Amino acid sequence: AAVAAADGDRALICPRACGAEAAWIEQVPVLAADTLRAVVDHLTDRAPIVPARPGQVVDGPQPPCLSDVRGQERAKRALEIAAAGRHHLLMVGPPGAGKSMLSARLPGLMPPLTAREALETSMVHSVAGLLKNGQISRRAPFQSPHHTASSPAIVGGGPKAKPGEISLAHNGVLFLDELPEFDRKVLESLRQPVETGEVFVSRANAHIRYPSRFLLIAAANPCRCGYLADPGRACSRAPVCGDSYLGKISGPLMDRFDLRLEVPGVSLTDQDLPAGDTSATVAARVAAARAIQAKRFRDHPGVTVNADAPPPLLDAIAAPDADGRALILKASERLGLTARGYHRILRSARTIADLDGSDHVLTRHLAEAISYRLPFVAGG
């Protein structure tokens, strides 16, 4: 209601319990009343209601720092690109490679939520019964459901059609560890929300649309045992087991990951490598790239980052030059790119160019984007 009031340039009258939350929209007065009589008294100038004040900001503990992760520079770069343009990322690697450790540091790279985004997110959490006393957070949410979670828990549903994990992650991050272990129906149910940014929960007594525009980060072992590339530890079914295991991720869902990379195992000597950039340093670069996108899309409602750009707009902002077109045509022939895959490469390349401070998408930006679309190779 607060968002609708702001869009219509109207004041909002709401129950007292919702006032602190609704006041976060800031563009319009929010009047929180205890009773209908108080509303009547306000409208007849007998007892004006004092506008509500925004609730307390509660951001919780600081996310762990990216500099804690030694090595894995390519994976860190992929996280930076993902955060800068909200590009979905899949990491495949053996147990202990640091996939979960890297993912846990992503919230520290994300820019703070705007007042509107914070309110949108809080509304979902409020419906789920997770918001108390109008408290609100400017930090992007991070949801990490277990692979045994049911479809209603992930997508939403139940007797009261409550929002699921994908809506609780709205404007934030949804991390799915051990992706192939999730139920196939659950994975397929992600395809529509990933594409449209919303999900419809239908039950006999309720049909509700929830927002679900999130950054999907997923991790997977290369096979069930996890050691496909290690002849000394791989199971007897290698390398066939790798194809069958990752084959649980359907082609259409795999195609929705803008960035896909193999994360190699780590050794004890990797711990002696110097610490890389801190989360704060990377977050500053991400914020600069997001500012470029905010300016670029200010006249395009519904588009806030490069991942949102529809094909016609994408062709205008990320059109490759002659060398770039030749490169992407060659990659298309080799990788068998779909039209969706082609546009996802352009979106990633546009974000890489933004991080580079470049007005144009150059061949080197396309080359890096293409490198994140290479298929996974069984056995290493």
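The values are calculated or read from the model by the stated rules, or taken from the named source; none is laboratory data. Predicted, not measured: the structure shown is a model, and the values here were computed from it. Because the Cβ atoms are built from the backbone with ideal geometry, glycine has one as well, and the counts that use them run over all protein chains shown.
So, L268, is that one assigned by TED's automatic domain parsing to the domain that holds P95, within 16 Å of E80 (Cβ to Cβ) and either surrounded by fewer than 18 Cβ atoms within 10 Å (Cβ to Cβ) or at pLDDT 95 or above (or both) or not? Talk me through it step by step, then tell me what you get.
Working: assigned by TED's automatic domain parsing to the domain that holds P95: yes; within 16 Å of E80 (Cβ to Cβ): no; either surrounded by fewer than 18 Cβ atoms within 10 Å (Cβ to Cβ) or at pLDDT 95 or above (or both): yes.
When the stated conditions are applied, L268 does not pass them.
Looking only at the stretch 110-122, decide whether some residue is within 30 Å of P222 (Cα to Cα) and under 13 Å from the mean Cα position of the chain (by Cα). Yes, the conditions are met somewhere in the stretch 110-122.
Just for the stretch 147-159: of the residues that are assigned to a loop (DSSP other than H, G, I, E, B) and in contact with a helix residue (DSSP H, G or I) (Cβ under 9 Å, 6 or more places away or on another chain), which one is modelled with the lowest pLDDT?
Narrowing the stretch 147-159 to residues assigned to a loop (DSSP other than H, G, I, E, B): 147-150, 158-159.
Narrowing the set further to residues that are in contact with a helix residue (DSSP H, G or I) (Cβ under 9 Å, 6 or more places away or on another chain) leaves 147-150, 158.
Working: H147: 94, T148: 94, A149: 94, S150: 91, G158: 78.
By that ranking, first place goes to G158.
Being surrounded by fewer than 24 Cβ atoms within 10 Å (Cβ to Cβ) and basic (K, R) is the filter; apply it to the stretch 348-380 and report the residue that is modelled with the lowest pLDDT. Looking at the filtered set, the residue picked out is R373.
Taken over the stretch 201-239, residues that are farther than 19 Å from V173 by Cα, at pLDDT 85 or above and not in a strand (DSSP E or B) amount to 2.
Within the stretch 240-251, the set of residues being part of a helix (DSSP H, G or I) and either modelled with pLDDT of 90 or more or crowded, with 17+ Cβ neighbours inside 10 Å (or both) comprises C241, G242, Y245, L246.
Within the stretch 31-51, the residues that satisfy the criterion of being part of a helix (DSSP H, G or I) and either more than 16 Å from L12 (Cβ to Cβ) or hydrophobic (A, V, I, L, M, F, W, C) (or both) are L36, R37, A38, V39, V40, D41, L43. Scanning the stretch 85-99 finds one or more residues that are surrounded by fewer than 19 Cβ atoms within 10 Å (Cβ to Cβ) and in the same structural domain as M254 (by TED's automatic domain parsing). A307 falls short on exactly one of the conditions (1) closer than 21 Å to T196 by Cα; (2) surrounded by fewer than 15 Cβ atoms within 10 Å (Cβ to Cβ), and that condition is (2). For the stretch 90-132, the set of residues classified as touching a helix residue (DSSP H, G or I) at 6+ places or on another chain (Cβ under 7 Å) and part of a loop (DSSP other than H, G, I, E, B) consists of G93, R105, L109, M110, P111, L113, A128, L131, listed by residue number.
Contact map, the stretch 281-300: first residue in contact (Cβ under 8 Å) with a residue 24 or more places away in the chain, second residue surrounded by 14 or more Cβ atoms within 10 Å (Cβ to Cβ) and not in a helix (DSSP H, G or I), Cβ cut-off under 6 Å, separation 6 or more or different chains; pairs are V282/L109; A283/L109; V286/L109; A287/P111; R290/P111; Q293/V305.
For (1) on the phi < 0 side of the Ramachandran plot; (2) outside any helix (DSSP H, G or I); (3) touching an Asp or Glu at 6+ places or on another chain (Cβ under 6 Å); (4) surrounded by 13 or more Cβ atoms within 10 Å (Cβ to Cβ), each residue gets a yes or a no:
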{"site": "A283", "(1), (2), (3), (4)": "yes, no, no, yes"}
{"site": "A287", "(1), (2), (3), (4)": "yes, no, no, yes"}
{"site": "I292", "(1), (2), (3), (4)": "yes, no, yes, yes"}
{"site": "V303", "(1), (2), (3), (4)": "yes, yes, no, yes"}
{"site": "P312", "(1), (2), (3), (4)": "yes, no, no, no"}
